[in-house]
Each structure stands twice: as structure tokens, then as C-alpha cells.
Amino acid sequence: MDHFPTSWGRPRNDAVDNFNTYPLHQRAQHGKDTFAEGVQRTQQPIVTGTSVLAIKYKDGIMMAADTLASYGSLARFKSVQRLHAVGRTTVLGASGDMSDFQYLQGMLDELVTDEFTAGDGNEFAPQEVHEYLARVMYARRSKMNPLWNALLVGGVRDGKSFLGYVDLLGTTYQASTLATGYGAHIALPLLRQAVETREDTLAEEEAKRVLTESMRVLFYRDARSLNKFQIAKVTETGVDISEPIVLDTHWSFAEGIRGYGAQTQ
Amino acid sequence: MTSIGTGYDLSASTYSPDGRIFQVEYANKAVENSGTAIGLRVKDGIVLAVEKIIHSKLLVPDANRRIQSIDKHIGLATSGFQADGRHLASHARGEATSYREWYRSPAPVKEVVSRLSMYVQAYTLYSSVRPFGVSTIVGGVDNAGPHLFVVEPSGVAYGYHGAAVGKGRQLAKTEIEKLKLVELSTREAVVEAARIIYLVHDDQKEKEFELEMTWIGDETNGLHLPVPKDLHTEAERKAKDALENFE
Amino acid sequence: MPDGSFSHPQERQFNPYTENGGTILAIAGADFSVVAGDTRQSEGYSIQTRYAPKVHKLTDRAVLAVNGFAADGNMFVKKVKQRLEWYRHAHAKDMPLRAIARLIQTMLYGQRFFPYYVYNILGGIEEDGTGAIYSFDPVGSYERETCRAAGAAMALVQPFLDNQIYFKNQQAPADSPHPVHLPLQDVLSIVIDSFTSATERHIEVGDGLEIYVILAKGRSAQGLESIRNVQEMSTNPEGDRVFVIRRELKKD
């Protein structure tokens with residue numbers, strides 16, 4: 001045992017010890033935990049969905065996700081729905097592991113059915129669905145057995161629209177524009193530019209156009225995306241998830257780029 | 001009931017010498033004394049209606065419902081001991097939920113009914129328990145269309161076009177037989193159901209009653225829901241009119 | 001390797017923590033306390049939202065600022081509030097500040113081997129009517145202080161506070177010694193300057209600022225009315241009072 005108390009027991013990392021309370025060369029190695037091999041419950045995502053986008057607009061919220069479920073870099077399932085209605089007020093969009101998402105769908109369906117059969121006419125508000133999911137996700141991360149998803153929850157209740165995010169760590173937040181995964185880098189700036197400060201005036205057609213164009217940009221830039229996607233709309237009258245929309249795309253520009261098109265040399 | 005008092009009626013696990021289980025028959029008596037419940041299976045759905053006797057003016061209107069939801073697409077009306085009815089509904093909900101968990105799809109009505117009837121039947125086998133004092137009308141619309149069943153205290157479950165249990169069942173059945181159920185829409189059936197409940201109610205002997213009605217069909221998007229207020233009021237008005245003409 | 005194995009050890013463990021940026025700070029006066037935090041929540045270079053409050057009112061005389069891993073922070077605040085509610089049900093009064101401080105230490109230490117990855121600063125009014133600040137590390141070590149900054153820009157803000165509040169490296173003139181406590185106006189200026197400066201130099205700080213001011217019972221709210229965007233949060237204007245001041249910070 002050395003004389004630096006900070007080196008005792010499990011090593012810390014930069015994020016915690018950013019003032020170098022012990023010398024660099026003394027810093028313990030990562031991944032040398034004696035028990036790391038003992039329990040195998042930590043996982044990695046297998047079949048995954050990419051970005052989900054969502055915005056607020058005049059009549060409620062809109063959410064978009066493509067229909068691809070990838071197996072690593074393989075485009076494995078090309079017609080998977082990643083938007084799910086929870087009752088009549090809420091829609092859930094999922095990126096990350098698709099089997100974990102299907103597990104969540106089953107869980108939420110049971111929750112909604114139980115609430116229906118209670119027969120008192122109560123339905124869950126989007127905020128309540130979001131809070132419930134946050135609790136589930138946080139509880140699972142705390143058991144070191146996470147549900148490997150980043151989820152968007154959106155809906156309308158009593159004239160107020162709601163958009164929230166939850167991920168595998170149980171991290172939550174709300175904003176008028178949200179995006180998961182690659183979309184948080186590529187599409188979110190576009191969405192913010194179009195939506196922020198205009199949440200209460202943005203028309204349905206404009207909202208749909210903004211999402212469609214963002215999905216197009218994502219398709220060109222995200223290798224794990226597809227030009228086939230769905231848009232969910234939640235207004236005071238309920239949830240409406242569209243049939244898949246297929247974008248026409250143009251690759252002629254690629255002909256001139258070396259290593260992109262069908263060059264022979 | 002000639003064998004009453006012969007000692008064969010104390011346990012559900014003992015037959016009488018002529019092959020009857022008196023405890024089950026007594027359970028049926030509990031049903032016969034209770035407010036009438038009817039169910040109609042029509043062209044595009046199901047209508048359930050109950051004559052809920054109000055034994056005290058202090059009761060909150062619309063409370064203590066006797067028609068309950070088992071799943072989004074299945075409703076259940078009971079006649080007999082209310083507490084037994086709630087217990088059976090709770091069990092049926094568990095079965096419907098379990099089916100959803102296993103198969104990721106809504107349970108077929110007859111599956112729920114068959115599981116429920118097995119549960120009811122188990123309470124006719126042991127000396128340590130009493131059979132359920134309710135007859136249960138289960139109605140639902142699944143992907144094979146509308147279905148209507150009655151589960152009796154013995155555990156038997158029959159499918160019906162129209163069903164009636166409780167005090168006024170005889171007259172109700174006679175009236176239901178006059179209907180052309182396969183041609184009726186749920187909207188029309190609601191009016192008929194209200195009329196029948198009002199007809200069988202004996203206002204000489206009985207106290208006040210509340211008409212409780214639910215339906216499942218195309219108009220409810222396949223959901224088991226209470227009949228909307230305006231339709232309920234209209235059906236009730238027509239029922240009262242019909243009653244005056246009938247007498 | 002060709003067989004799919006790795007020649008180097010791979011990081012396979014799920015990491016249950018992340019950092020969500022932001023900064024909090026608190027300063028105690030003689031008969032008041034100020035607790036402040038920015039409202040940006042981020043992960044890496046991405047701003048997740050521009051408004052996720054980090055400062056929470058617990059009672060009419062206690063305010064808690066929580067910084068670090070947001071999911072842990074939210075859960076921790078939820079549990080502290082729950083314990084305070086139980087205390088209210090049992091004792092028909094709010095828990096005193098120093099008791100809340102000890103409760104927080106107990107709750108944090110209870111998770112000693114799977115810590116809440118959060119830095120807490122508790123500010124408010126003690127039972128003797130003095131302003132007080134308590135600061136905590138993630139596993140519950142705590143002490144009462146006069147001022148404290150924590151979070152992403154702690155290294156930028158704390159030295160500034162040391163200089164301005166504790167008068168470190170300042171030589172007082174012989175005839176006028178340094179004051180022990182600063183007046184509210186001066187404290188508010190220092191808080192606002194701290195955050196505008198941190199916003200300027202730290203990418204994880206910005207968007208919005210929420211400053212909670214807790215005034216001891218009987219102290220006049222004079223000086224607060226003139227400030228724009230003040231909102232009173234207390235339930236009883238006769239006791240200790242809580243106000244919140246909201247300001248915009250740069251969003252870049």
C-alpha cells in the first residue's frame with residue numbers, strides 16, 4: 001500500500017480528481033478490478049435504432065424517427081417502428097437497443113391497460129409517463145443493468161405540450177426541441193433555429209417540413225440511418241403516427257468525389 | 001330441494017345421493033335475488049346493462065359500479081354478491097394481463113372466459129371454500145368479432161347471442177328472444193337494453209334503481225366504455241315511454 | 001486479433017455516471033444567505049437543455065444547490081424533500097438548517113460505495129437567525145462555511161470568492177479592518193459577476209442564472225424590491241423569507 005490515501009481502494013479518474021491530488025505516474029490503471037469478470041450482467045446494445053427528433057409547435061408536439069434497426073453496421077431490419085403511442089396523450093420515441101425498447105413497450109402497455117380497466121376515466125399525462133420512465137431507467141442503471149436507450153417522450157394534456165428526454169443513465173431534461181444520438185449533433189441546431197421562440201406560432205406544415213428536412217440531412221450524414229421514417233403528431237385530439245415516408249435522395253454529386261462514386265481509379 | 005336438511009348441503013365437496021351439489025345451488029339463489037344484468041351480442045358489438053338497486057338514498061350516484069373492465073376490449077357484468085363480482089373481475093384482469101405479457105396481443109374473449117370459469121369451478125371442489133355467489137356476463141370484441149358468455153357459480157360457461165341473469169332474467173330472456181340480434185347495431189341495442197332493464201324492474205317490490213350501461217364496438221373503437229351520457233339519457237327516456245305503452 | 005479477441009484489455013464495464021456541467025455557488029451574510037446556480041445542462045460538448053434548475057427550495061429557510069451528475073442530483077433532491085416532508089408530518093414544523101445539513105451527510109454517506117456523484121451546497125438561515133452555508137463532497141464530508149463554489153467552474157469562481165469574500169491577499173488599511181460579512185447588495189453583485197465571468201471562460205456555464213436569497217425573520221426585504229425579476233417563494237412573509245432572482249446568461 002502506498003502513502004497516498006487517494007490511491008487506496010478503487011482508483012478514481014480524471015473527472016473526479018481534476019486537481020492531481022496524486023502524481024501522474026502513481027495514477028492507478030483502469031480495468032484492473034478483481035471482480036470485474038465475476039458478474040456478467042452489463043451489456044451492450046445489439047440491434048439498435050439511430051436518432052429520434054422532436055419539436056414543439058402550435059398545436060402540440062411532433063416526433064420523427066426512421067424505421068431502421070441496425071445490427072452493428074449491417075442494416076438488419078428496415079421496417080421497424082420506433083415511435084410508440086402511450087395512451088391517447090403521449091408518444092414515445094426510442095433510439096438505442098430495440099429489444100430493450102420492446103420490453104419498455106410491453107411494460108407501458110400493461111400500465112396503460114391497468115389504468116384503463118380501473119374504470120375511473122383517468123389517463124396518464126405525458127409528464128407522468130416521462131417521470132415513470134425516468135424512474136425505471138434510473139433504477140436499472142443503479143442495478144448496473146441498464147436499458148440501453150435514449151428516449152424522447154412527448155405529448156399534450158390540458159392544452160399544454162410537453163417534451164422530455166430520458167436515457168440509460170436516468171438523465172432527464174426538457175426542452176422545446178430534442179434529439180437523441182447523432183441527431184443531437186447534426187439535427188438539433190437546425191431544429192433550434194427553426195423552433196426556439198416560435199413554439200406557439202409554428203404551423204403544422206412548417207413543423208413537418210423542418211423535421212423532414214432534418215431527417216434528410218441525417219440520412220445523408222448518418223451511416224446508420226434510412227431514408228424511410230415516420231412522423232408522430234400529438235395534439236389535443238390524440239396521437240397520430242404516420243405511415244412510413246420515403247424520401248427521394250440524390251447521389252449524383254458523389255460522381256465527382258474521389259472514393260465515393262463509381263470511379264475506376 | 002327435497003334433500004335439504006339431510007346433511008348433504010353443508011359442503012361443496014360432498015354430493016347428495018341424487019348427484020347434486022347443494023352449495024352450488026345455494027350460490028345460484030344468491031344470484032336470483034340480485035338486480036338483473038343483461039348482455040346483448042349484436043352485429044357490430046356488445047352491450048351490457050345492469051339494474052343496480054339503490055338500497056340507500058345516501059349512496060353517491062354512479063358509484064359502486066357493477067359493470068367492470070377486464071381489458072381494453074372486454075367488459076364484465078355481475079349479478080349476485082358484489083364483493084364476489086369484484087374478486088372475479090380482479091382475477092379476470094390478471095388473466096388478461098398475463099395473456100398480454102405472454103403473447104403481446106389482446107386476449108381472445110373465450111380464452112379469458114375459459115380461464116375464469118376454471119377458477120370459478122375450483123371453488124366447487126373443496127369443503128374449505130364456498131362457491132362464488134355470482135353469475136358473470138363477459139362480453140368483448142376481439143379480432144374474431146363480438147363474443148358474449150355467462151359464467152355460472154358451478155363454473156360452466158356458455159356462449160350466447162343474448163344473456164340475462166339475476167332476479168328479472170326470465171322476462172328479460174323472453175324480451176331478448178324477440179329481438180333480431182344479428183341485425184341490430186350497438187346503438188339500437190343500447191335502446192333495447194335500457195327498455196328491457198326498465199321492463200323487468202319491479203317497482204312495486206323494489207327500491208330505486210340506477211341503469212348502468214356499457215358498450216364495445218365500432219363506435220368505441222373496440223374499447224369497453226360507458227355508454228355516452230346523451231345516448232344513455234335518450235335510451236332511458238325511450239325505455240320509460242315504452243313502459244307506459246306496454247302496460 | 002483475427003479471432004475477434006483483443007490484444008489490449010477493453011473497457012467493457014457499463015459506466016453508470018456522467019457529468020452534466022454547470023456551476024453553483026453560495027455566500028452567507030450576517031442575516032441572509034444567497035444560493036445561486038446556472039441553468040445549463042450539458043453532456044460533453046452538447047447543450048442538452050438551457051433550463052434545468054440546479055437550485056431547489058427545500059423549506060422557507062433552506063435552499064439546496066446540487067451539481068454534478070444530473071440524474072443522481074434529481075433523485076437526491078427528491079429523496080431529501082421526501083425526508084423533510086416526513087419530518088414535517090412527525091413534528092409539525094420544518095427541519096432546522098443544521099439538521100438538514102446532517103441529514104444530507106447521512107444520506108450521502110449511506111451511498112458510500114455507490115455514491116451520488118453530486119456536489120451539494122446548502123444555504124439558509126440557522127435557528128439563531130444567522131446566515132449559513134454548508135458544503136458537501138459526494139460521500140458526505142461537510143462543513144459550515146461563509147462561501148463556496150462548486151461544479152465545472154469551481155476552479156474559476158472559488159479563488160475570486162476567496163479574494164472578495166474572505167479578502168485573501170488583500171491588505172486592509174490600518175484604520176478600517178475588513179468586514180466579517182458583506183451587505184446583500186455587494187454579495188449579489190459578486191454572485192452575478194462570478195457567473196458572467198464563468199460563462200465567459202467555461203463552455204459548460206451559461207444560458208440562465210437563478211439566485212435564491214434567504215432572509216432571516218425580521219430582516220427587511222429592502223433593496224430586493226428594486227431588483228428586476230425578483231419573485232418571492234416563501235409561504236409566510238412573517239418568518240424567514242425566500243426570494244429568487246432570475247437573470248439571462250450568454251447562450252454561446
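Surface listing: A:D66, B:D218 arranged by accessible area from highest to lowest gives B:D218, A:D66, probe 1.4 Å. Normalising the average separation of contacting C-alpha pairs (under 8 angstrom, six or more residues apart) by the number of residues puts the relative contact order of the stretch C:106-244 at 16 percent. For the stretch B:22-246, averaging the sequence separation of C-alpha pairs within contact (under 8 Å, six or more residues apart) and dividing by the residue count gives a relative contact order of 31 percent.
Inter-chain neighbour count for A:113-124: the average number of beta-carbon atoms from partner chains within 10 Å of each residue's beta-carbon is 4.
Where Rh is the Kirkwood radius over the Cα pairs of chain C, the temperature 25 °C and the viscosity 0.890 mPa s, what D in µm²/s does Stokes-Einstein return? Translational D for this selection: 129 µm²/s. In order along the stretch A:82-97, the phi-based Karplus estimate (6.51 cos²θ - 1.76 cosθ + 1.60, θ = phi - 60°) of 3J(HN,Hα) comes to 10, 10, 9, 7, 10, x, 10, 10, 9, 10, 10, x, 10, 10, x, 5 Hz; Gly and Pro are listed as x. Helix C:97-110 against the longest principal axis of chain C: what's the angle in degrees, Cα atoms only, rounded to the nearest 10? Approximately 10 degrees, to the nearest ten. Note on chain C: with charges restricted to the Cβ of Lys and Arg (+1) and Asp and Glu (-1), its dipole about the Cα centre is near 580 debye. Note that the protein assembly as shown shows a convex hull volume over its alpha carbon atoms of 285 Å³ per residue. Put simply, when A:200-206, C:72-78, A:122-128 are sorted by average Cβ atoms within 10 angstrom per residue, most first, you get C:72-78, A:122-128, A:200-206.
Excluding same-chain residues fewer than 8 positions from A:K208, which aspartates and glutamates have a Cα within less than 16 Å of its Cα? Cα-Cα hits under 16 Å: A:D59, A:D66, A:E196, A:E199, A:D200, A:D240, A:E243. Comparing C:N20, C:A101, C:M75 along the charge dipole axis of chain C, the residue lying farthest to the positive side is C:M75, per the Cβ-charge model.
Remark on the stretch C:56-97: ratio of C-alpha radius of gyration to 2.2 N^0.38 Å is 1.21.
With respect to chain C, whose longest principal axis is taken over its alpha-carbon atoms, helix C:154-164 is tilted by about 20°.
Dividing the Cα radius of gyration of the stretch A:59-108 by its Kirkwood radius returns 1.01 for Rg/Rh. Couplings 3J(HN,Hα) of the stretch B:179-196, computed from phi: 7, 9, 4, 5, 9, 6, 8, 4, 4, 5, 5, 4, 5, 5, 4, 4, 4, 5 Hz, in residue order, whole Hz [Karplus 6.51 cos²θ - 1.76 cosθ + 1.60, θ = phi - 60°; x for Gly and Pro].
If you roll a 1.4 Å probe over the stretch A:47-246 with all protein chains in place, what percent of the accessible area is carbon or sulfur? Heavy-atom surface of the stretch A:47-246 belonging to carbon and sulfur, 1.4 Å probe: 49 percent. Mean partner shielding of peptide A:169-179, defined as the number of other chain Cβ atoms within 10 Å of each residue Cβ, is 6. A:K143 contributes about 130 Å² of solvent-accessible surface, heavy atoms of the protein only, 1.4 Å probe. Cross-linked pairs A:K233/C:K78; C:K168/C:K250; C:K57/C:K79: Cα-Cα separations exceed 25 Å for A:K233/C:K78; C:K168/C:K250.
Modelled spin-label separation between C:Q222 and C:Y109, with each label point placed 7 Å from Cα along the Cα-to-Cβ direction: 4.4 nm. Taking square-rooted eigenvalues a ≥ b ≥ c of the alpha carbon gyration tensor, is the stretch A:47-246 rounded, prolate or oblate, where a/c under 1.5 means rounded and, failing that, a/b exceeding b/c means prolate? Verdict is oblate for the stretch A:47-246.
Restricting to DSSP H runs of at least four residues, report the calculated mean residue ellipticity at 222 nm for chain B, -39500 (n - 2.57) per run over all residues, nearest 500 deg cm²/dmol. Could the numbers behind the result be given before it?
Numbers: 6 runs with 90 residues, N = 247.
Roughly -12000 deg cm²/dmol at 222 nm, from the helical runs in chain B.
For the stretch A:155-166, the Karplus equation 6.51 cos²θ - 1.76 cosθ + 1.60, evaluated at θ = phi - 60°, returns couplings of x, 10, 8, 6, x, 10, 9, 9, 9, x, 10, 9 Hz by residue, with Gly and Pro reported as x.
Given +1 at the Cβ of Lys and Arg, -1 at the Cβ of Asp and Glu and no other charges, the dipole of the protein assembly as shown around its Cα centre is 1080 debye to the nearest 20. With axes computed from alpha carbons, what is the tilt in degrees of helix C:70-91 against the longest principal axis of chain C, rounded to the nearest 10 within 0 to 90? Roughly 50 degrees, rounded to the nearest 10. Its relative contact order, with pairs defined as Cα atoms under 8 Å and 6+ residues apart, puts chain C at 24 percent. Taking a ≥ b ≥ c as the square roots of the eigenvalues of the alpha-carbon gyration tensor, chain B is classed oblate because a/c is 1.5 or more while a/b is no larger than b/c. Our analysis of the stretch B:49-98 gives Rg over Rh at 1.02, with the two radii drawn from alpha carbon positions and Rh computed by the Kirkwood formula.
Amide hydrogen proximity for B:V134: with H placed 1.01 Å from N in the peptide plane, the residues at 5 or more positions away or on another chain lying under 5 Å are B:F81.
With the biggest extent put first, the Cα atoms of the stretch B:159-247 measure 40, 29, 23 Å across the principal axes. The mean number of partner chain beta-carbon atoms within 10 angstrom of a residue's beta-carbon across peptide C:46-52 is 6.
With the charge dipole of the stretch B:1-99 set up from +1 on Lys and Arg Cβ and -1 on Asp and Glu Cβ about the Cα centre, the Cα lying farthest toward the positive end among the listed residues B:L76, B:Y15, B:P61 is that of B:P61. From the square roots a ≥ b ≥ c of the eigenvalues of the alpha-carbon gyration tensor of the stretch C:113-252, which class results: rounded (a/c under 1.5), prolate (a/b over b/c), or oblate? In terms of gyration-tensor shape, rounded. Charges were assigned to the Cβ only: +1 to each Lys and Arg, -1 to each Asp and Glu. The resulting dipole of the stretch B:22-246 about its Cα centre is roughly 420 debye. Between the stretch C:100-178 and the stretch B:20-44, what's the alpha-carbon centroid distance in Å? Their Cα centres are 72 Å away from one another.
The values are calculated or read from the model by the stated rules, or taken from the named source; none is laboratory data. Note that this is a predicted model, so its numbers are computed, not measured. A quick note on method: Cβ atoms are made from the backbone with ideal geometry, for glycine too, and the neighbour counts reach across all protein chains shown. Note: accessible area is taken over every heavy atom of the protein model, side chains too, but ligands, DNA and RNA are not part of it. Shrake-Rupley method; radii C 1.70, N 1.55, O 1.52, S 1.80 Å.
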